[in-house]
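Below: one structure, written as C-alpha cells.
Values quoted throughout were computed directly from the atomic coordinates according to the rules given, and no laboratory measurement underlies them. This one's a predicted model, so the numbers in the text were calculated from it and none came from an experiment. We place every Cβ from the backbone using ideal geometry, glycine too, and count neighbours over all the protein chains shown.
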Amino acid sequence: MRQETKCIQAGYEPHNGDPRMIPIVQSTTFKYDTSEDMGKLFDLEASGYFYTRLQNPTNDYVAAKIAALEGGSAAMLTSSGQAANFYAAFNLASAGDHIVASSTIYGGTFNLFNVTMRRMGIDFTFVDPDCSDEELEAAFKPNTKAVFGETIANPALIVFDIERFANAAHAHGVPLIVDNTFATPINCRPFEWGADIVTHSTTKYMDGHDATVGGCIVDSGKFDWMAHADKFPGLTTPDESYHGITYAEKFGNEGAFITKATAQLMRDLGSIQAPMNAYFLNLGLESLAVRMQRHCENAQKVAEFLESDEHISWVTYPGLKGDKYYERAQKYMPNGTCGVISFGVKGGRKAAEEFMKHLKVAIIATHVADAHTCVLHPASSTHRQMSDEELIAGGVAPDLVRLSVGIENVDDILDDLRQALSFVK
Ligand SMILES: Cc1ncc(COP(=O)(O)O)c(C=O)c1O
C-alpha cells in the first residue's frame with residue numbers, strides 16, 4: 001500500500017460482518033474464562049488485553065496504522081507528545097545515563113530533558129544541529145544511551161540532518177530518536193535515513209483538527225539491542241519487575257522496545273491515550289496525506305507572498321529556495337515540509353502586535369499544525385516575561401511571528417494577511 005492508502009486502510013482489517021470503522025473499546029477491563037488464561041497475558045505468553053492502563057484494542061489499531069505509515073515494526077499511543085518523548089528517552093536511559101540532544105528542539109521537550117529528566121539523574125548534552133563533526137563527537141560520553149532531534153524544529157524550522165546524526169549515534173552503539181511531528185510520515189520517514197525510534201505529538205497534523213491531545217512512539221525494529229547489551233541492560237537482562245522477562249530475547253529487535261515501554265513504563269506511569277481520543281486520531285489520520293499536501297501548497301504560497309511584502313523583514317520556511325535549509329529539505333522532504341512559517345514584521349514587537357490584532361481568518365492560538373490557520377507572537381504571549389535582549393539570546397526574535405498555515409482557501413489567508421499588514425505603519 002502507498003502512504004495515501006495506508007492512511008485509510010492500515011492498522012485495522014475488518015473481517016466478515018465486522019464494523020467498517022475501528023471500534024471504540026470503551027472498557028477499562030477485559031473478561032477471561034480462567035485465571036490461567038489471564039495468567040498467560042501477565043506472563044506475556046499470549047497476546048491480549050487485561051487493563052486499559054497498559055493497552056487497549058482501539059489504541060493498538062491506530063498505533064499499527066502509524067507504524068505502517070512510518071515503516072516501523074511496532075508502535076504505541078501515549079496521552080500526549082510530551083509523554084511520547086519522555087517514554088522514548090526513559091525507556092533507554094536511567095539515572096546516571098546521558099543523552100545527546102539537538103539544542104533547537106521544541107521548548108516543552110527541552111524543558112522535559114533539561115529540568116525534569118535531569119532531576120531524575122539523567123544528563124543531557126545539547127548540540128547545535130549544525131555543529132561541526134568534532135563538536136558532535138565531543139558530545140558523546142561512555143554513558144550516552146541515545147541521540148535525539150526533531151525533523152523540523154518547532155519553531156526554529158531547522159531541518160535536522162537525520163542521516164548524519166544516525167551515523168554518529170550508531171558509531172557510538174546507540175539509537176537515534178527523531179520527533180517527526182512537523183513533517184509527519186507523509187513528508188519524511190526518518191527510518192529510511194537511519195533513525196531507530198520515531199516519536200510524534202499526534203496533537204498536531206495527525207489529529208489535525210484541534211480535537212485531541214496525544215502522542216505516539218514507533219520502533220523501526222532495526223536496532224540490535226543484544227549487540228550493545230552492556231549499554232541497554234533494561235532490554236537485554238531479565239526484568240525482575242516483569243516475571244524475569246528479557247525483552248530483547250523474547251520479542252527480538254522488532255518488538256523489544258515497545259513491549260518494554262508498555263509492560264514497564266505504561267504499567268507504572270499510566271500515560272495512555274483514551275480510546276475515544278484514539279478514535280478521533282484515526283479520523284485525522286485518514287485525511288493526513290491530502291491535508292499535508294494542502295498545508296504545504298498553501299504555506300509555500302504564503303511564504304512567497306511574505307517574502308515579497310514590504311512590511312516583512314525576514315521569512316523562514318524550508319520550502320523557500322533562498323532558505324538556509326532548502327537543500328536539506330529537498331533531500332529529506334522532496335514533496336513538502338510542513339505548514340509552519342516564521343517571519344518578522346518591520347517595526348519589531350509593536351508592529352507584530354498591531355498586525356496580529358487585525359487578523360480575521362488566522363486565529364491567535366498557542367497551537368500549531370492543524371487545519372485552522374493560526375498565529376502566535378511569542379514575545380507578547382508565551383515569552384512575554386522576557387526582555388528583547390533575553391528573547392534574542394533564547395533564539396526568539398522580538399518581532400518573530402509563527403504562522404501555522406491551515407487548509408482554508410489560500411486566497412482568503414493571503415487577503416487576511418494583506419489587510420492586517422496594511423495597518424502596520
Ligand atoms: C515537535 C513537538 N514535539 C512534542 C510536542 C509536545 O506534544 P504535546 O503538546 O502533544 O504534549 C510538541 C508540542 O507542541 C511539538 O511541537
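Over 23 Å between Cα atoms: which of K6/K260; K301/K360; K301/K324; K145/K222; K260/K331; K145/K204 fall into that group?
Among K6/K260; K301/K360; K301/K324; K145/K222; K260/K331; K145/K204, the Cα-Cα distance tops 23 Å for K6/K260; K260/K331; K145/K204.
Name the GluC sites (Glu not before Pro) in the range 330-425 that are in a loop by DSSP and that have at most 16 other C-beta atoms within 10 Å, would you?
In loop regions of the range 330-425 (DSSP not H, G, I, E or B), the sparsely surrounded GluC sites (Glu not before Pro) are E408.
Between E13 and K321, what length comes free when the chain is fully extended (0.36 nm per residue of separation minus the Cα-Cα distance, one decimal in nm)?
So the extension gain works out to 106.6 nm.
Compute, for the range 3-283, the length of the dipole vector about the Cα centre, with Cβ point charges of +1 (Lys, Arg) and -1 (Asp, Glu) only. Units Debye, rounded to 20.
Working: 18 positive and 34 negative charges, 130 e Å.
Taking the Cα centre of the range 3-283 as origin, the dipole is about 620 debye.
Using a 7 Å offset from Cα along Cα-Cβ at E249, what residues in the range 214-232 end up with backbone N under 13 Å from the label point?
226
In the range 289-421, if the dipole is taken from +1 on Lys/Arg beta carbons and -1 on Asp/Glu beta carbons about the Cα centre, which of V290, I407, A352 is farthest to the positive end?
V290
Would you work out the charge dipole size for the range 289-421 about its Cα centre, treating the Cβ of every Lys and Arg as +1 and the Cβ of every Asp and Glu as -1, and quote it to the nearest 20 debye?
Around 300 debye, computed over the range 289-421.
Note down the nm distance, to one decimal, between modelled labels 7 Å out along Cα→Cβ at T5 and at S35.
4.9
So between S387 and A138, what do we pick up on full extension, going 0.36 nm a residue minus the alpha carbon distance?
Taking S387 through A138 to full extension adds about 86.3 nm, to one decimal.
Which Cα, out of I22, P190, A171, lies furthest along the positive dipole direction of the chain (beta carbon charges, K/R +1, D/E -1)?
Working it through, the farthest residue towards the positive pole turns out to be I22.
Treating only the Cβ of Lys, Arg, Asp and Glu as charged (+1, +1, -1, -1), what charge dipole size does the range 191-256 show about its Cα centre? Round to the nearest 20 debye.
Computed charge dipole of the range 191-256: roughly 60 debye.
Among T5, V315, Y326, which residue has its Cα furthest toward the positive end of the charge dipole of the chain, with +1 on Lys/Arg Cβ and -1 on Asp/Glu Cβ?
V315
Using packing as a proxy for protection, rank 98-106, 196-204 so that the peptide with the highest average count of other Cβ atoms within 10 Å comes first.
With the highest mean Cβ count within 10 Å placed first, the list reads 196-204, 98-106.
Taking the Cα atoms only, what angle lies between the long axis of helix 288-308 and the longest principal axis of the chain, rounded to 10 degrees?
It works out to around 30 degrees.
Residues of the range 11-36 with amide nitrogen under 14 Å from the 7 Å Cα-to-Cβ point of E286?
Output list for this probe position: 11-14, 19-24.
Would you pull out the residues with amide H under 5 Å of F126's amide H, same chain only if 5 or more places away, H placed 1.01 Å from N?
Under 5 Å from the amide H of F126 lie the amide H atoms of A101, each far enough along the sequence or on another chain.
Angle between the Cα long axis of helix 275-286 and the longest principal axis of the chain, 0 to 90 degrees, nearest 10?
60
Tell me what the chain gives for mean residue ellipticity at 222 nm when only DSSP H runs of n ≥ 4 count, each as -39,500 (n - 2.57), the sum divided by the residue total, rounded to 500 deg cm²/dmol.
Values: 16 runs with 151 residues, N = 425.
Rounded to the nearest 500, it is -10000 deg cm²/dmol.
Under 5 Å between amide H atoms, partner at least 5 residues away or on a different chain: which partners does S313 have, H built in plane at 1.01 Å?
Answer set, sorted by chain and number: G344, V345, K346.
Distance from a point 7 Å along Cα→Cβ of K350 to each backbone N in the range 360-390: keep the residues under 20 Å and list them by number.
Residues 377-381, 384-390 fall inside that zone.
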